[in-house]
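Engineer: I'd like to ask you about the structure that follows.
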Amino acid sequence: RVVIKIGSSLLIKNNKINKNWVNKLSEDIANLHKKKIDVIIVTSGAIALGCKYLKINRKNLKLKEFQAVSAIGQIELINLFKNSLSGKKIKIAQILLTLEDTEDRRRALNAKDTIENIFKLKSIPIVNENDTTATNEIRYGDNDRLAARVAQISSADTLIMLSDIDGLYTKDPRKFKNAKHIREVKKITNDIIKSATKSISDHGSGGMITKIDAAKICMNAGCKMILTRGTVNNPIQKLEKNKFYTIFTPLTNKYNAKKKWILSSLKNKGSITADTGAINAIKKGKSLLPVGITDVNGKFYRGDTVLIINKSKKKIGTGVVSYSSDEILKIKGAKSENIKNILGLIIWGLFREIERISFLKEDSTSKFSGPY
């Protein structure tokens, strides 16, 4: 199963819709179909195509105007792919997701089921962010991380990130001739994160930093991510032949699907401070009990994802709470046998799932200053 992420800048060339490129990509997708490979397309472009259709400049738009333009442009976007793929006798389906759809466990499972059933109907899911309902507080703002979340939710083997650059470099290759291409990344270090810079695309909203974030999600989910140049015709075929890309190798782990979802969470509703004893218990795979809680921050409810931190505010892990922040404030520091008297409930463990986070440390053996 392969997820292909397409940026807005690939769909617009010389201020015109790049229909020829889309047709060439359709050839690639048809070839993958012949190999019995499931394909999910995550594509940006609704706002770019909407602006093109309405003949307006996106730089002057406010959020509410973006939402309206996106609603218009989404029709153009889906028809662009429908017209191209129908020539290859491939049917498509449209899925619009928000950040909340992927961060809420129940909604994420619904999205997964929808994708599976689309495949059963021998169609290709085409995914985009639902800009018409998203706000600044509850939106991805880029499709790099959305694509990684879709890859994780759908248990994809590989995410192919089509970009305007053929992978990671030690420096910006457009500015430095001595920039070296990085073929493989096995660990995302602070060196890599600090060196990542934003793109200068006229149409895209992401950049190298969001691609690094996407790679982290994929690697934690056991999914490969390949970053390669998408500006060429038949980018997937050329990827197989030329093999000039950066591959992010997935981490080997035994996490189940739910733990992968928790570990890939992008939006936490709050944090819970745990004492040393509780933290040691968490690291051994135990649940976090009220007696080990010293503080609660944020407003959250049962089923929300929160951070677990120590007294120094250092991130220890991520968990899904079984009780609201208001309830936890009442029972923090209490022994389990006293919970019934406080809440009228019996609590066996505060978290239904808990997963330790491996902290990113600078790799002293790294020979490069970081990617562009």
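Engineer: (1) modelled with pLDDT of 70 or more; (2) open to solvent by 20 Å² or more (accessible area, probe 1.4 Å); (3) within 28 Å of the chain's Cα centre (by Cα): which one isn't true of residue 312, the others all being true?
Structural biologist: (3)
Engineer: Residue under question is residue 323, and the condition is that it be open to solvent by 70 Å² or more (accessible area, probe 1.4 Å), closer than 30 Å to residue 109 by Cα and aromatic (Phe, Trp, Tyr); does it hold?
Structural biologist: Working: open to solvent by 70 Å² or more (accessible area, probe 1.4 Å): no; closer than 30 Å to residue 109 by Cα: yes; aromatic (Phe, Trp, Tyr): yes.
So residue 323 does not fit the description; no.
Engineer: Out of segment 59-85, which residues are buried (at least 16 other Cβ atoms within 10 Å of the Cβ) and not in a helix (DSSP H, G or I)?
Structural biologist: Selection gives 61 alone.
Engineer: Spot the failing condition for residue 270; the list is (1) of a type in the set (Gly, Ala, Ser); (2) closer than 21 Å to residue 102 by Cβ; (3) buried (at least 21 other Cβ atoms within 10 Å of the Cβ), and only one is missed.
Structural biologist: Looking at each condition in turn, residue 270 falls short on (3).
Engineer: Among the residues of segment 277-317, write down those that are basic (Lys, Arg) and closer than 28 Å to residue 107 by Cβ.
Structural biologist: Quick first cut of segment 277-317, residues basic (Lys, Arg) only: 283-284, 286, 299, 302, 311, 313-315.
Correct list: 299, 302, 315.
Engineer: Still on this structure, please answer the following. Restricting to helices (runs of 4 or more DSSP H) lying wholly in segment 86-199: which have 3 or more residues that are under 29 Å from residue 23 (Cβ atoms), at pLDDT below 90 and open to solvent by 30 Å² or more (accessible area, probe 1.4 Å)?
Structural biologist: none
Engineer: While we're on this one: What's the number of the condition residue 295 fails, among (1) open to solvent by 60 Å² or more (accessible area, probe 1.4 Å); (2) more than 21 Å from residue 101 (Cβ to Cβ); (3) among the charged types (D, E, K, R)?
Structural biologist: Result: residue 295 fails condition (1) only.
Engineer: Checking residue 243 against (1) within 30 Å of residue 322 (Cα to Cα); (2) modelled with pLDDT under 80, only one condition comes out false. Which one?
Structural biologist: Residue 243 satisfies all of (1) within 30 Å of residue 322 (Cα to Cα); (2) modelled with pLDDT under 80 except (1).
Engineer: Checking the conditions here, which among 204, 270 is farther than 30 Å from residue 43 by Cα, at pLDDT below 90 and in contact with a Gly (Cβ under 6 Å, 6 or more places away or on another chain)?
Structural biologist: Details: 204 fails: farther than 30 Å from residue 43 by Cα.
One residue alone meets the criteria, 270.
Engineer: Looking for something open to solvent by 20 Å² or more (accessible area, probe 1.4 Å), within 28 Å of residue 25 (Cα to Cα) and either at pLDDT 85 or above or touching a Phe, Trp or Tyr at 6+ places or on another chain (Cβ under 6 Å) (or both) - is there at least one such residue anywhere in segment 212-221?
Structural biologist: The answer is yes, given that some residue of segment 212-221 is open to solvent by 20 Å² or more (accessible area, probe 1.4 Å), within 28 Å of residue 25 (Cα to Cα) and either at pLDDT 85 or above or touching a Phe, Trp or Tyr at 6+ places or on another chain (Cβ under 6 Å) (or both).
Engineer: Taking the condition at pLDDT 90 or above and open to solvent by less than 30 Å² (accessible area, probe 1.4 Å), does residue 318 pass? Full working, then the answer.
Structural biologist: Numbers: at pLDDT 90 or above: no; open to solvent by less than 30 Å² (accessible area, probe 1.4 Å): yes.
The answer is no for residue 318.
Engineer: Starting from segment 75-96, keep only residues that are more than 24 Å from residue 149 (Cα to Cα), then list their pairs with residues that are open to solvent by 20 Å² or more (accessible area, probe 1.4 Å) and of a type in the set (Ser, Thr, Tyr) whose Cβ atoms are within a distance under 9 Å, requiring at least 6 positions of separation or different chains.
Structural biologist: These pairs meet every condition: 76/53.
The values are calculated or read from the model by the stated rules, or taken from the named source; none is laboratory data. The structure presented is a predicted model; accordingly, all values stated were derived computationally and were not measured. Cβ atoms come from the backbone with ideal geometry, glycine included; neighbour counts cover every protein chain shown. Surface accessibility is based on the protein's heavy atoms, side chains included, excluding ligands, DNA and RNA. Shrake-Rupley method; radii C 1.70, N 1.55, O 1.52, S 1.80 Å.
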